[in-house]
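**Student:** Quick one: structure below, then a few questions.
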Amino acid sequence: MANNYMAKQNSEYISYIIGLSLAISSSVFIGISFIVKKKALKRVVLEGNLRASSGGYSYLKERLWWLGLLTMGIGEGANLLAYAFVPAALVTPLGALSILVTAVLSSKFLGETLHFVGKVGCVLCVIGSIILIVHSPKSDNIKTFSELVVRLGDTLFLSYVFSIIILFMVVKYSLVPKYGKTNITVYLIICSAIGSLSVVFCKAISLGIRDGINSHESDMFIFWLIFIVAIAGIIIQINYLNKSLDIFNSNIVTPVYYVMFTTLVIVASGILFDEWIYMQIGDIIGCAIGFIILISAVFTLNLYKASHNIRYKNNIT
């Protein structure tokens, strides 16, 4: 009995290390991809070609840009796999590390000075991530895709899905026409709400791939249904995020979206996967503190980016 318990503990620990490593490496790869693509875009401008922001596509001829795209693909793939090993409540907030990686590497490879505000943001990001890693739930109560299939019919989760659909319809048809171009939260509510479902469904896909769903024909049908719904959700999410970025400053969109999206992901994954049910109150408080620190880090790092962009524009003019 004791040996079985130890074997289970070791298995959960190994899964946690794998998932955590994938989540961190995902942020590193995505952060690097921004730098690589930025260098490619700067090279396009130096060569006298039309800028991407002005409708130019010369960057497609740059191998460096494609390298950046490949690096981002690797990062997103690692992120998807991470959901199969550790709770979404850990993976999603750690996405803030990609902003940290971008800030540090931009000062080294793009000649962007990392001033005091940026350094404070970097320190906060590291502290918040460490606190979150220490206190976050280490494993899910749902271990297999078959268990998840049963859980998908839970009344509480179906109520959450129904609430998201109602919220989407109300915002899309009532708020978007009136306030979409003046209120930054309107489009981001849709992105975050639909995105929270996309994440839990991506986690479900990860479990299905890990388990190699071939035991039950019904499981295969549900797997592909979830896959289609997740893709549709991602498309909707990207569409409305682009609308928001087209109207509002990215330095405001990024932190607001991070807060709304991550909060709803934690709620959705907590409902479906019972990630918080067996946690001690001290760990729950620790996760909340870590998340708040990460929020502060994201806002601080975007403040640094905003001040750099102002200096960059002044130098051009």
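Coordinate-derived values only; no laboratory data. In this text, all values refer to a predicted model and were calculated from it rather than measured experimentally. So basically every Cβ, Gly included, is an ideal-geometry build from the backbone, and we count neighbours across all protein chains shown.
**Student:** Based on the mean of other Cβ atoms within 10 Å per residue, sort peptides 63-70, 278-285, 82-89 so the most packed one is first.
**Tutor:** 82-89, 63-70, 278-285
**Student:** Full-extension gain between Lys42 and Ala232, please, as 0.36 nm times their residue separation minus the C-alpha to C-alpha distance.
**Tutor:** In short, 65.1 nm is gained.
**Student:** At 0.692 mPa s and 37 °C, plugging the Kirkwood radius over alpha-carbon pairs of the stretch 79-212 into Stokes-Einstein gives what diffusion coefficient in µm²/s?
**Tutor:** 185
**Student:** Pairs Lys181/Lys203; Lys42/Lys108; Lys39/Lys119; Lys38/Lys178; Lys61/Lys181; Lys178/Lys243: which are spaced more than 24 Å apart, C-alpha to C-alpha?
**Tutor:** Lys181/Lys203; Lys38/Lys178; Lys61/Lys181
**Student:** So for the stretch 85-316, what percent of the C-alpha to C-alpha distances run longer than 31 Å?
**Tutor:** Cα-Cα pairs of the stretch 85-316 separated by over 31 Å account for 30 percent.
**Student:** How much length, in nm to one decimal, is gained on full extension between Glu12 and Phe157, taken as 0.36 nm per residue of separation minus their Cα-Cα distance?
**Tutor:** 49.7 nm
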